[in-house]
1. Past 24 Å, Cα to Cα: identify those pairs from 91/203; 105/254; 203/291; 94/254, in the order given.
2. Leaving out ligands and nucleic acids, and using a 1.4 Å probe, what accessible area per residue does the chain come to in Å²?
3. With label points built 7 Å along Cα→Cβ from the Cα atoms of residue 237 and residue 254, find their separation and express it in nm.
4. Taking Rh as the Kirkwood radius computed over C-alpha pairs, what is the Stokes-Einstein D of the chain at 25 °C in a medium of viscosity 0.890 mPa s, expressed in µm² per second?
5. How high is the FRET efficiency from residue 63 to residue 226, r the C-beta distance, R0 22 Å, rounded to 0.05?
6. Determine which residues of the range 165-179 fall in the zone a paramagnetic label at residue 193 would reach in this model, i.e. backbone nitrogen under 18 Å from the point 7 Å along Cα→Cβ.
7. Which loop-located GluC sites (Glu not before Pro) does the range 166-236 contain, where loop means any DSSP state but H, G, I, E or B and the Cβ has at most 16 other Cβ atoms within 10 Å?
8. Just subtract the alpha-carbon distance of residue 145 and residue 291 from 0.36 nm times their residue separation and send over the number in nm, one decimal.
Amino acid sequence: MVDSRLLYLNESSRQFAGFNKTTSPFVIVGIPLDITSSFRPGSRFAPSVIREVAQYIEFYSMRTGIDMGEIGFSDVGDIVMHPSNVEENIKRIKDVVSYFSEKGKIVVSIGGEHSITVGTTEGTNADCVLSIDAHLDLRDEYMGYKYDHACVMRRISERGVKIIELGTRAVSKEELEYANQKGIMYLNPRQVNLLGIRGTAEKVKRGLAECKRIYLTYDMDGIDPAYAPGVATPEPEGLDPTTVLEIVNMVTDKRIVGFDVVEISPPHDPSNITSVLASRFILETASIIFKSLSLS
Ligand SMILES: [Mn+2]
């Protein structure tokens, strides 16, 4: 008898780089939620494009010495999305992610827009979120709607989850007031550059000291559009990919329970360059997590 939480899981989708290794600690879930993008929609196509381009890059990580070709991934397919109801979709995401998270798997979600993270953080039962993002996503509502992609971190924060944001540079006054009032740590790319990789990592580590279950979310617009042009809402003056992966490498330990890559819009992504970067982020982050698991 299949668990009812898997009702909306479509297992026939293409697999990440062709992997189907059920013994892997990493479960890949595609979440093609694409409803609230304000500028350039298309993120519904990202799960299949990222899976496809991933097979053309190397699986060995020179950063960690881990060969992800040996560890592999268990790609369980896509969650079928309701065409207009974000709250219903968040419930479906939470159901599928909690099913695999409760089995002790590290759930790797491929979005979709950033709204998916409301469901993935709940499904993994995370008490802290480290978010790479140009935006704070702390709006109470956007044009009257509370489940817009601009409100993601606000909804998560309201559940008592601690939030740390890196790459912040596109904000409203209301969001800054909320962040300051709640003590939410956010660092602008300028501050990251001034602190350096090591200084930033130490600051983030102190922020994560009290956490038990840490969730990592890569909104690809946190990265500079020179490296990641194919996103729904690009913002200049972003972080570079190596800085981000080095910081993640320094702060990661066995408390990481899952991560996602979101906001990529393949129709606006010349040469699939942003999807290739997202594939590299998935492979590299998984290798970093795997290394921290084997160190414990
Ligand atoms: Mn963003």
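The values are calculated or read from the model by the stated rules, or taken from the named source; none is laboratory data. Owing to the predicted nature of the structure, the values given are computational and were not obtained by experimental measurement. So basically every Cβ, Gly included, is an ideal-geometry build from the backbone, and we count neighbours across all protein chains shown. Keep in mind that these areas ignore ligands, DNA and RNA; they rest on the heavy atoms of the full protein, side chains included. Shrake-Rupley method; radii C 1.70, N 1.55, O 1.52, S 1.80 Å.
1. 91/203
2. That works out to 41 Å² for each residue.
3. Using points 7 Å along Cα→Cβ, the separation is 4.2 nm.
4. Details: Rh = 18.6 Å.
Translational diffusion coefficient: 132 µm²/s.
5. Efficiency, from the Cβ-Cβ distance: 0.55.
6. Taking a point 7 Å out along Cα→Cβ of residue 193, the residues of the range 165-179 whose backbone N falls under 18 Å are 166-171.
7. Counting only loop positions with at most 16 other Cβ atoms within 10 Å, the GluC sites (Glu not before Pro) in the range 166-236 are 210.
8. Working it through step by step, the gained length comes to 48.5 nm.
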